[in-house]
Amino acid sequence: MENLIYLDNNATTPTDERVVEAMLPYFCKKYGNPSSIYKLANESDMAKEEARDKVAKLLNAKPYEIVFTGCGTESDNFAIKGTAFANRKKGNHIITSSIEHHAVLNACKWLEKQGFEVTYIGVDKHGVVNLDELREAITDKTILISIMHANNEVGTIEPIKEIADIAKDNGIYFHIDAVQTVGKLPINVNDLSVDLLSMSGHKFYGPKGVGALYIRKGTKIDSLLHGGHHERNRRAGTENVPGIVGLGKASEIAMEEFEEEERRVKKLRDRLEKGLMEKIDDIIINGHPERRLPGTLNLSVKYVEGEAILLQLNHNGIAASSGSACTSGSFEPSHVLTSMGISPETAHGSLRFSVGRSNTENDIDKVIEVLPPIVKKLREMSPFGKGKGIR
Ligand SMILES: *Cc1c(COP(=O)(O)O)cnc(C)c1O
């Protein structure tokens, strides 16, 4: 859309044109099935393995530790259900947090129906998981800890290394949902000391419909999809070669550009935060003040509905989000914000701006210009008190 100011990069990102260009030959010209044995097929196979090298390099993993999947959701389900079933003789207990993405939460809920026990540990007011609660939750039946690297709604970055140490001390597998951090923060699976890591192409300028799961060598995990011998028997199904090539290209670009780009994005986010704080009363910034994704700004605007603000922003050509995309459209306040102790009323007035590669200073300044009068007008109409002559 022309002139659109897109500030919803945590929901999805535009595919980088260099990524599309890398993918195109693998639709009509180099369409061979990587499992076949002629030259056309070998070309596909080589492209797929080259992409695996690039993804592995971005994570400092070994190529054979990368399994391509259909999305971040599949990677999360694979990691959690796969380790749960492969290790059920050892135990049936899983620990996760109350602020995970629904891909993790609902996979865990389903496992509860299959006889597994899940502990959902809480977070503090900034959205940081409670490590004491985590330590106390561990039993001799605990087989997996799954905690997100950074939260998609508020951007809080979790203390992964500390959790990894706790997991290691207790001989428990540790999975991180890194869908929001891959391509934004430096990631080294050995420094972080994780056993499993989920990522998704469309969250860092790759295509939709492709993701990957890092599985540390030696990790006991069952497959979700059974069929042919693809992905070293871990994920059956003819590989999405164009998507995989795109994921590889996105990883290569991220590797080269993310540091400088994230500095730029953080500056824009900080400019937006400062500008809105100066011009609007009674707003609360959600998430950790420092340990936060560089592009994420989640704020609660008191006395108004987030959805009402979003509609007005949309009229002005600005795309943002209230809470997470998965919960908008429902009237439930965000599970992330309520877990952080934010009241349902305040949570209903929350907005998420997520800055990305396409954004410029002009975009930010437009929001700083447009949003304050929208809030003022909505507050004047609000039944909640503010604006009804109180101020
Ligand atoms: C988007 C997202 C997912 C799901 O990824 P898809 O590729 O859209 O299935 C999982 N976890 C987090 C933290 C996300 O932001």
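How many Å² of accessible area per residue for segment 17-254, probe 1.4 Å? I get 41 Å² per residue for this part. Mean residue ellipticity, 222 nm, helices only, the chain: the sum of -39500 (n - 2.57) across DSSP H runs of n ≥ 4, divided by residue count and rounded to 500, is -13000 deg cm²/dmol.
3J(HN,Hα) couplings calculated from phi for segment 186-198 with the Karplus curve 6.51 cos²θ - 1.76 cosθ + 1.60 (θ = phi - 60°) are, in sequence order, x, 10, 9, 4, 7, 4, 6, 6, 9, 9, 9, 9, 9 Hz; Gly and Pro show x.
Among Ile160, Ile143, Ile280, the residue with the largest mean-square fluctuation in a Gaussian network model of the chain, with springs joining Cα atoms closer than 10 Å, is Ile280. The C-alpha atoms of the chain define a longest principal axis, and helix 160-169 lies at about 50 degrees to it.
Normalised by the number of residues in the chain, the mean separation of alpha-carbon contacts (under 8 Å, six or more apart) gives a relative contact order of 22 percent. Once R0 is set to 30 Å, what does the formula 1/(1 + (r/R0)^6) return for the Cβ-Cβ distance between Glu307 and Arg232, expressed as a FRET efficiency to the nearest 0.05? It comes out at approximately 0.05.
Here the chain is assigned +1 on the Cβ of each Lys and Arg and -1 on the Cβ of each Asp and Glu. Its dipole about the Cα centre then comes out at about 460 debye. Summary: within the chain, the longest segment free of GluC sites (Glu not before Pro) located in DSSP loops with at most 13 other C-beta atoms within 10 Å is 3-289. Compared with the dominant Cα axis of the chain, that is its longest principal axis, helix 39-59 is turned about 50°.
Here the chain exposes an accessible surface that is 51 percent carbon and sulfur, computed with a 1.4 Å probe and the other protein chains kept in place.
Toward the positive end of the charge dipole of the chain, with +1 on the Cβ of Lys and Arg and -1 on the Cβ of Asp and Glu, the farthest Cα among Leu40, Ile121, Val19 is that of Leu40. Charge tally for Ile99 (other residues, Cβ to Cβ under 10 Å; Lys, Arg +1; Asp, Glu -1): -3. Summing Cβ point charges (Lys, Arg +1; Asp, Glu -1) relative to the Cα centre of segment 30-111 gives a dipole of roughly 280 debye. Multiplying the residue separation of Glu332 and Asp169 by 0.36 nm and subtracting their alpha-carbon distance yields 54.9 nm. The distance between label points at Cys28 and Glu259 comes to 4.0 nm (points 7 Å beyond Cα on the Cα→Cβ vector). Relative to the longest principal axis of the Cα atoms of the chain, the long axis of helix 241-279 makes an angle of roughly 20 degrees.
A DSSP coil position with no more than 10 other Cβ atoms inside 10 Å describes the following trypsin sites (Lys or Arg not before Pro) in segment 36-115: Lys89.
Relative to the current alpha-carbon distance between Asn106 and Asp365, full extension at 0.36 nm per residue lengthens the span by 89.4 nm.
For the chain, leaving out every one of the chymotrypsin sites (Phe, Trp or Tyr not before Pro) that falls in a DSSP loop and has at most 14 other Cβ atoms within 10 Å, the longest unbroken run is 39-330.
Charges were assigned to the Cβ only: +1 to each Lys and Arg, -1 to each Asp and Glu. The resulting dipole of segment 91-149 about its Cα centre is roughly 180 debye. Cα centroids of segment 206-266 and segment 132-196: 19 Å apart. Taking each of Lys274/Lys377; Lys208/Lys249; Lys161/Lys274 in turn, the alpha-carbon distance tops 23 angstrom for Lys161/Lys274.
Counting Cα-Cα pairs of segment 17-254 in 10 Å increments starting at 0 gives whole-percent bin shares of 8, 34, 34, 17, 6, 1.
The values are calculated or read from the model by the stated rules, or taken from the named source; none is laboratory data. In this text the structure is predicted, and so the values were computed from the model without any measurement. Cβ atoms come from the backbone with ideal geometry, glycine included; neighbour counts cover every protein chain shown. Heads up: the accessible areas ignore ligands, DNA and RNA and are worked out on the full protein's heavy atoms, side chains in. Shrake-Rupley method; radii C 1.70, N 1.55, O 1.52, S 1.80 Å.
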